[in-house]
1. Pick from Leu118, Leu139, Leu97: which is crowded, with 16+ Cβ neighbours inside 10 Å and touching a residue at least 60 places away in the same chain (Cβ under 8 Å)?
2. Return a yes/no flag: does the stretch 55-67 have any residue that is touching a residue at least 40 places away in the same chain (Cβ under 8 Å), touching a Leu at 6+ places or on another chain (Cβ under 9 Å) and of a type in the set (Ser, Thr, Tyr).
3. What single numbered condition from (1) at pLDDT below 85; (2) loosely packed, with under 15 Cβ neighbours inside 10 Å fails to hold for Asn14?
4. Answer with yes or no whether Leu125 is buried (at least 16 other Cβ atoms within 10 Å of the Cβ) and under 60 Å from the mean Cα position of the chain (by Cα).
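The values are calculated or read from the model by the stated rules, or taken from the named source; none is laboratory data. This is a predicted model, so every value here is computed, not measured. We place every Cβ from the backbone using ideal geometry, glycine too, and count neighbours over all the protein chains shown.
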Amino acid sequence: MGIFDRFRRLISSNLNDMISKSEDPEKMLNQLIQEMNQQLIDSKKSVASAIADEKKLERQINETRAQSADWERRAMTAVRNDEEDLARQALERKQRLDGVATELQEQWQAQHDAVEKLKEALRSLQSKIDEAQRKKNLLIARSKRAEAQRRMQKTIGGMKDTSAFEVFEKMTTHMEQLEAENEALEELSRLEQTDDLEEQFRRLEGTTNSTDRLLAELKSKMAIGEPESGSQTNGPAADLQGTNAGDSIEADLDELKRRMQDED
């Protein structure tokens, strides 16, 4: 487990150093993920070495037990041939090998337990690195948003000259004033058009009244110039004269009406 303790200390040290020095969070996170992956590769190599040691102990146990079984067969052969001394020596060799096998078995068990823990730790480490890889993009996005907000606040806070904004405000006020004046002029123009129309009708009505007045005056003059009924001339000549006078008046009246229509 020591390799993973060293790995955590190394990552923690590098992370604190990068956080204190880095001005680019995205670059820092990418570098951190890269170092974590490299350390993971080194840790896998260490775990592989521990597994190899376990396999080696297992082979030694099997070989020792095979040798023990072989000496046991030799002892049996010596007994069959009435060679008890050889049988005793073979059994002594078998006992020593059994003792070695027992010690190797204990070492193998300890190594096996350690390897299993290393495998579990390695799987956990791989899972955490995968999670860190997934979170990296989220952290980078949050960092970019925070940086954009910081730049905006810095820009707004650092703007001492507000003349540009004042120009926009003044221009807006000026345009509103112009629009109000244009609306007033349009309203005045409509009022003037209404007054002019009324004046035209007044002149028309005045002209009509004047014409009627002239016609009345003309009729009055004509009535004054006509002879009285008692002094009327008798006979066809008088009738012809009256007829000619009436026709003349009607002709003048028609001419007057025609001129009035032309004037209109």
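1. Working: Leu139 fails: crowded, with 16+ Cβ neighbours inside 10 Å; Leu97 fails: touching a residue at least 60 places away in the same chain (Cβ under 8 Å).
One residue alone meets the criteria, Leu118.
2. Applying the first criterion (touching a residue at least 40 places away in the same chain (Cβ under 8 Å)) to the stretch 55-67 yields 57-58, 60-61, 64.
Applying the additional criterion that residues be touching a Leu at 6+ places or on another chain (Cβ under 9 Å) yields 57-58, 60-61, 64.
Of the ones still in play, those that are also of a type in the set (Ser, Thr, Tyr) are 64.
Within the stretch 55-67, one or more residues are touching a residue at least 40 places away in the same chain (Cβ under 8 Å), touching a Leu at 6+ places or on another chain (Cβ under 9 Å) and of a type in the set (Ser, Thr, Tyr).
3. Only one criterion in (1) at pLDDT below 85; (2) loosely packed, with under 15 Cβ neighbours inside 10 Å is unmet by Asn14, namely (2).
4. Details: buried (at least 16 other Cβ atoms within 10 Å of the Cβ): yes; under 60 Å from the mean Cα position of the chain (by Cα): yes.
Considered against the rule, which asks whether it is buried (at least 16 other Cβ atoms within 10 Å of the Cβ) and under 60 Å from the mean Cα position of the chain (by Cα), Leu125 comes out as yes.
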